Amino acid sequence: MCPIGIDVVQLYAHAHKTRTFTRSYVGSGGGHSEPLEVWNCHTVAMAKLFESIGKLGLALAIGGGVVNSALYNVDAGHRAVIFDRFRGVQDAVVGEGTHFLIPWVQKPIIFDCRSRPRNVPVVTGSKDLQNVNITLRILFRPVATQLPRIFTSIGEDYDERVLPSITTEVLKAVVARFDAGELITQRELVSRQVSEDLTERASTFGLILDDVSLTHLTFGKEFTEAVEMKQVAQQEAERARFIVEKAEQQKQAAIISAAGDSQAALLIANSLAEAGDGLVELRKLEAAEDIAFQLSRSRNVTYLPSGQGTLLQLPQ
């Protein structure tokens, strides 16, 4: 007998003016009736079961949400700083993995501790007051043990607040020690001094600089034009020097040629004085032989024997 079922049957009967309902079935001992109160007792039990299951599911959902809010992950190459609503930023730095916290009381702040690149352009002046455009490429990362101090004093965007200012300061100080020409010829020295000074300056903010390099170095328009004009002037000077050297060489050649001609004339005069007109006659014969040889090779020249004008049967 189910007490709850009795109450339901009584209420049901009272509502229907004490009408009696039975469910008949045939058994081995003959037919008999099962009261309605037993059927209602089973229905209420099922309702209670489903209600219990619903409450259990709701409790599990709430518990899962609480557990999920109490877990957080720190990926590889990252570190976490815990902010407590009652005690502030904790000094301990949380490493990689899955960790627990107190929901709604503690909050994790994740920092990337891997090396990251950043380009910082700076316009400054050299020792000889020339405008210089320099771009510095920096590979930086925070010191893991100093993350609580960085978060408290600077914030999560520490790279935006620190790197541009200290880079500009160091570059202006280093570049001012060199002339424009020295910045080009001693670029390695300039880069090394910038790296040393900037690394020391960044360490005061809890930053490590893995690499510092000058990737871009140009000068102002006036200086560039002056350099181009200087190059043109040097080229013109080189060309003028070549012309002078060429003229000097031609002069020396003319002097040597004149000395040779003078020596030749002297030798000829001595020969004429010793041999008389015999040398002149010899030179005439040599010249006549050369002329005859040249004329013999020409097709427009015809030789006629002297004293025989009728050989070609020319008309009178």
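The values are calculated or read from the model by the stated rules, or taken from the named source; none is laboratory data. All of these numbers come straight from a predicted model, not from anything done at the bench. So basically every Cβ, Gly included, is an ideal-geometry build from the backbone, and we count neighbours across all protein chains shown. The protein model used for the area step is the full one, side chains on, heavy atoms only, and it has no ligands, DNA or RNA in it. Shrake-Rupley method; radii C 1.70, N 1.55, O 1.52, S 1.80 Å.
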Q. Which one of 204, 233, 244 has its Cα pushed farthest toward the positive end of the charge dipole of the stretch 204-263, where Lys and Arg give +1 and Asp and Glu give -1 at the Cβ?
A. 244
Q: Could you calculate the contour length gain from residue 241 to residue 160, that is, 0.36 nm times the residue separation minus the distance between their Cα atoms, to one decimal place in nm?
A: 23.5 nm
(Q) As a test question: what accessible area, to the nearest 10 Å², does residue 298 have when a 1.4 Å probe is rolled over all protein chains in place? (A) 50
Q: Please name which of 78, 109, 94 has its Cα lying farthest along the dipole of the stretch 55-118 towards the positive end, using unit charges on Cβ (Lys, Arg +1; Asp, Glu -1) and the Cα centre as origin.
A: 109
**Q.** Dipole magnitude (debye, nearest 20) for the stretch 59-195, charges at Cβ of Lys, Arg, Asp, Glu
**A.** 80
Q) According to a simple spin-label model (label point 7 Å from Cα along Cα-to-Cβ), what is the distance in nm between residue 270 and residue 298? A) 3.9
Q | Fully extended contour minus Cα-Cα distance, from residue 124 to residue 253, at 0.36 nm per residue | A | 40.8 nm
Q. At a probe size of 1.4 Å, how large is the accessible area of residue 162, to the nearest 10 Å²?
A. 10
**Q.** Relative contact order %, the stretch 122-187, counting alpha carbon pairs below 8 Å whose residues are six or more apart
**A.** 48
Q) What nm value, rounded to one decimal, do you get for the distance between residue 98 and residue 110 when each label is placed 7 Å out toward the C-beta? A) 1.5
Q. Between residue 85 and residue 53, what length comes free when the chain is fully extended (0.36 nm per residue of separation minus the Cα-Cα distance, one decimal in nm)?
A. 7.8 nm
Q) Hey, with R₀ at 41 Å, roughly what FRET efficiency would residue 146 and residue 184 work out to, going by the Cβ-Cβ distance, to 0.05? A) 0.60
Q: Using amide H atoms built 1.01 Å from N in the peptide plane, name the residues 5+ places from residue 113, or on other chains, whose amide H lies under 5 Å from its own.
A: 78, 79
Q: For residue 46, tell me the accessible area in Å² from a 1.4 Å probe, rounded to the nearest 10.
A: 100
